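A.B. asks: Right, I'll just put the structure down here and ask away after.
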Amino acid sequence: MARTVLFTGFPGFIGARLIGRVLQDDPDATVVALVEPRMVGRARELGAEHGPRLEIEPGDITRPRLGLEPDRYAQLAGRVTSVAHLAAIYDLAVPLELAEAVNVTGTQNILDFCRACPNLERHDYVSTAYVAGLRSGVVREDELAAGQAFKNHYESTKFAAEVLVRASMDEIPTTIYRPAIVVGDSRTGETQKFDGPYYVLRYISLNAGRPLPMLQTGSTASSFNVVPVDFVVEAMAAGIRDPRMTGETLHLVDPEPVTAAELVELLTRTYSGRSPSLRLPQGLVEFTLRRPPLRRFLAADTPVESIAYLNHPVTFATTRTTPLLAEHGLRCPRFTEYVGAMVRFFQDHETDPAYVAH
């Protein structure tokens, strides 16, 4: 039977790259990308290079039967041999109702679809390392619920979704992927939008020419775990094609992350040639970011929710992940290896409205 993959999260940052890699790895495979209606035009434009091997299916993971007519739902379930579920709301300031609809209800609807597929071989599910919430210390790949609280609704709903996925693993062969904070390509710096650590670059860009000291907002005691998108895509592609990965949870993180203070230092020096020389208490930084006029003038509209990630002492273990990926010749690049590419791409596109995070 020809392999057909139902894919969510296209044309997103990771999904757009991963579909190409899946089709490359399996020349006989077809991908059916379930795309929310407002993104169908963009999806068809980006997917045109793959020709008939990529089918764009308008749908909605938040609705029963994925928003499809009963006959179409049954037809797809009969064809699909694997499911790759990447779609999620990644906004740190997302309202709870929307986060629950997409991240939790959407995942439950995908699991229901998996159960309806008589020929299903596997489910590849993208979670996040930050299902760890406010846990500190070392978090292992096989751990999930530890009574933790969460920094925002994104984390709490991705946790709830992973609970559902883990509960299904006895009946649905599944691999779970938990990326850290994903940034641009380690070779070219190319990214889809400037959010996450790019807010630090926005601040640096805004203040580099001002006669003010550059701020150090990162903790020396907290790691800041970022991973380039090409590593995440290669790691997921390896997991998708390797049946030994079934049942595994992979921390797609940097095993040797820089501290948050080192990240801010590296970005500041690479962009401006200066070093941060003034450290403010986290509470004062958050006070500033909660006031829109100050946030716009001093911090380039950096969202207050992002500061917690620069001051959270957590480490993600890769005890299982590192050797499994090493068998495929994969390792996560160190931040120092690609910070130059990251900053150059930002400098080349920082005034382009297409990269503004909304």
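A.B. asks: Nearest 20 debye, what's the magnitude of the dipole of the chain about its Cα centre given +1 on Lys and Arg Cβ and -1 on Asp and Glu Cβ? The partial results should precede the final answer.
C.D. replies: Values: 36 positive and 43 negative charges, 183 e Å.
Roughly 880 debye for the chain.
A.B. asks: Calculate one ³J(HN,Hα) per residue across the stretch 333-343 by plugging θ = phi - 60° into the Karplus curve 6.51 cos²θ - 1.76 cosθ + 1.60, and present them in order as whole Hz with x for glycine and proline.
C.D. replies: Running phi through 6.51 cos²θ - 1.76 cosθ + 1.60 with θ = phi - 60° gives x, 6, 4, 5, 7, 10, 4, x, 5, 4, 5 Hz.
A.B. asks: May I pose another question? Provide the net charge surrounding Arg44, with neighbours chosen by a C-beta distance below 12 Å and charges set as Lys +1, Arg +1, Asp -1, Glu -1. Don't skip to the answer; put the middle values down first.
C.D. replies: On the way: positive: Arg42; negative: Glu45, Glu49, Glu55, Glu57.
My count for the surroundings of Arg44 gives -3.
A.B. asks: Sticking with this structure for a sec: Once the piece of chain linking Leu330 and Ala354 is laid out straight, how much longer is it, given 0.36 nm per residue of separation minus the C-alpha distance between them? List each step's numbers first, then the result.
C.D. replies: Details: separation 24, 0.36 × 24 = 8.64 nm, distance 3.14 nm.
Taking Leu330 through Ala354 to full extension adds about 5.5 nm, to one decimal.
A.B. asks: Could you sort Lys151, Lys193 by their accessible area in this structure, using a 1.4 Å probe and putting the largest first?
C.D. replies: Heavy-atom accessible area, descending, gives Lys193, Lys151.
A.B. asks: Probe 1.4 Å, all protein chains in place: accessible area of Ile176 in Å², nearest 10?
C.D. replies: 0
A.B. asks: So, one more: Non-local amide H neighbours of Ser186 (under 5 Å, H modeled in plane, Pro and chain starts lacking H): which ones?
C.D. replies: Distant-sequence amide H within range of Ser186: Val229, Asp230, Phe231.
A.B. asks: Can you give the relative contact order of the chain as a percent, counting alpha carbon pairs under 8 Å and 6+ residues apart? Mind dumping the intermediate values first?
C.D. replies: On the way: 645 pairs, mean separation 64.1, N = 358.
In percent, rounded to a whole number, it is 18.
A.B. asks: Determine one quarter of the surface area of the Cα convex hull of the stretch 27-177, which equals its mean projected area, and express it in nm² to one decimal.
C.D. replies: 10.1
A.B. asks: In a GNM of the chain with a 10 Å cut-off on Cα contacts, which of Thr319, Thr157, Thr191 has the highest mean-square fluctuation?
C.D. replies: Thr319
A.B. asks: In the Gaussian network model of the chain, springs joining C-alpha atoms below 10 Å, which of Asp112, Asp91, Asp71 carries the largest mean-square fluctuation?
C.D. replies: Highest fluctuation among the options: Asp71.
A.B. asks: Any idea which of Ile56, Leu206, Val104 is furthest toward the positive side of the dipole for the chain, if Lys and Arg beta-carbons carry +1 and Asp and Glu beta-carbons -1?
C.D. replies: Farthest towards the positive end: Leu206.
A.B. asks: Follow-up question, since we're still on this one. Taking each pair of distinct Cα atoms in the stretch 174-258 once, what is the resulting Kirkwood hydrodynamic radius in Å?
C.D. replies: On the way: mean 1/r = 0.0663 Å⁻¹.
Taking every pair of different Cα atoms in the stretch 174-258, averaging 1/r and inverting gives 15.1 Å.
A.B. asks: If Lys and Arg each add +1 and Asp and Glu each add -1, what is the summed charge of the other residues whose beta carbon sits under 10 Å from the beta carbon of Gly133?
C.D. replies: On the way: positive: Arg135, Lys151, Lys158; negative: Glu155.
Result for the local shell: +2.
A.B. asks: Under a Cβ-only charge scheme (Lys and Arg +1, Asp and Glu -1), can you give me the dipole magnitude of the stretch 115-200 about the Cα centre, in debye to the nearest 20? Don't jump to the answer; show the numbers that get you there.
C.D. replies: On the way: 10 positive and 12 negative charges, 45 e Å.
Roughly 220 debye, rounded to the nearest 20.
A.B. asks: Now, a different point. Using the beta-carbon distance between Asp170 and Glu45 and R0 = 45 Å, what value does 1/(1 + (r/R0)^6) give for FRET efficiency, to the nearest 0.05?
C.D. replies: Working: r = 40 Å, r/R0 = 0.90.
After rounding to 0.05, the efficiency reads 0.65.
A.B. asks: Give me the accessible area of Tyr199, 1.4 Å probe, in Å² rounded to the nearest 10.
C.D. replies: Surface open to solvent at Tyr199 totals about 40 Å².
A.B. asks: Test of understanding: express the Cα radius of gyration of the chain as a ratio to 2.2 N^0.38 Å, with N the residue count. Working shown, then result.
C.D. replies: Working: Rg = 20.5 Å, N = 358, 2.2 N^0.38 = 20.6 Å.
Working it through for the chain, the quotient is 1.00.
A.B. asks: Now, a different point. About the Cα centre of the stretch 208-349, how large is the charge dipole given +1 on each Lys and Arg Cβ and -1 on each Asp and Glu Cβ? Please answer in debye to the nearest 20.
C.D. replies: Numbers: 14 positive and 14 negative charges, 118 e Å.
Using only the charged Cβ atoms, the result is roughly 560 debye.
A.B. asks: Please compute the contact order of the stretch 62-111 in relative form: average sequence separation of alpha-carbon pairs under 8 Å and at least six residues apart, divided by the residue count, as a percent.
C.D. replies: Working: 22 pairs, mean separation 29.0, N = 50.
The normalised contact order for the stretch 62-111 reaches 58 percent.
A.B. asks: Then there is this: Take every Cα pair under 8 Å in the stretch 213-358 that's 6+ residues apart, average their separations, divide by the length, and report that relative contact order as a whole percent.
C.D. replies: Values: 166 pairs, mean separation 55.0, N = 146.
Reported relative contact order: 38 percent.
A.B. asks: Any idea what % of Cα-Cα pairs in the stretch 210-358 are farther than 26 Å? Could you put the intermediate results ahead of the total?
C.D. replies: Details: 4090 of 11026 pairs.
Result: 37 percent of Cα pairs exceed 26 Å.
A.B. asks: Same structure again: Starting from the exponent 0.38 and prefactor 2.2 Å, build the expected Rg for the stretch 133-285 from its residue count and divide its actual Cα Rg by it. Numbers along the way, then the final one.
C.D. replies: Details: Rg = 18.3 Å, N = 153, 2.2 N^0.38 = 14.9 Å.
Against the empirical 2.2 N^0.38 Å value, I get 1.23 for the stretch 133-285.
A.B. asks: Same structure, new question: Note down, for the stretch 1-98, the three equivalent ellipsoid semi-axes (square root of 5 times each alpha carbon gyration tensor eigenvalue), biggest first, whole angstrom. Write down the numbers at each step before the final one.
C.D. replies: On the way: eigenvalues 95, 60, 29 Å².
Whole-Å semi-axes of the equivalent ellipsoid: 22, 17, 12.
A.B. asks: Going by amide H atoms built from the backbone, whose H comes under 5 Å of the H on Val32, apart from near neighbours?
C.D. replies: Val5, Leu6, Phe7, Glu55
A.B. asks: Kindly report, to the nearest 10 Å², the accessible surface of Glu350 as traced by a 1.4 Å probe over protein heavy atoms only.
C.D. replies: Accessible surface of Glu350 is approximately 40 Å².
A.B. asks: Relative to the longest principal axis of the C-alpha atoms of the chain, give the angle of the C-alpha long axis of helix 13-25, reported between 0 and 90° and rounded to the nearest 10°.
C.D. replies: Taking Cα atoms only, the helix is inclined about 40 degrees.
A.B. asks: Follow-up. Identify which of Asn311, Asn103, Asn225 has the largest mean-square fluctuation in a Gaussian network model of the chain, with springs joining Cα atoms closer than 10 Å.
C.D. replies: Asn311
The values are calculated or read from the model by the stated rules, or taken from the named source; none is laboratory data. Bear in mind that the values here come from a model prediction, so they are computed numbers and not experimental data. Heads up, the Cβs are rebuilt from the backbone with ideal geometry, glycines too, and the neighbour counts pull from every protein chain shown. All accessible areas refer to the heavy atoms of the entire protein, side chains included, with ligands and DNA or RNA removed. Shrake-Rupley method; radii C 1.70, N 1.55, O 1.52, S 1.80 Å.
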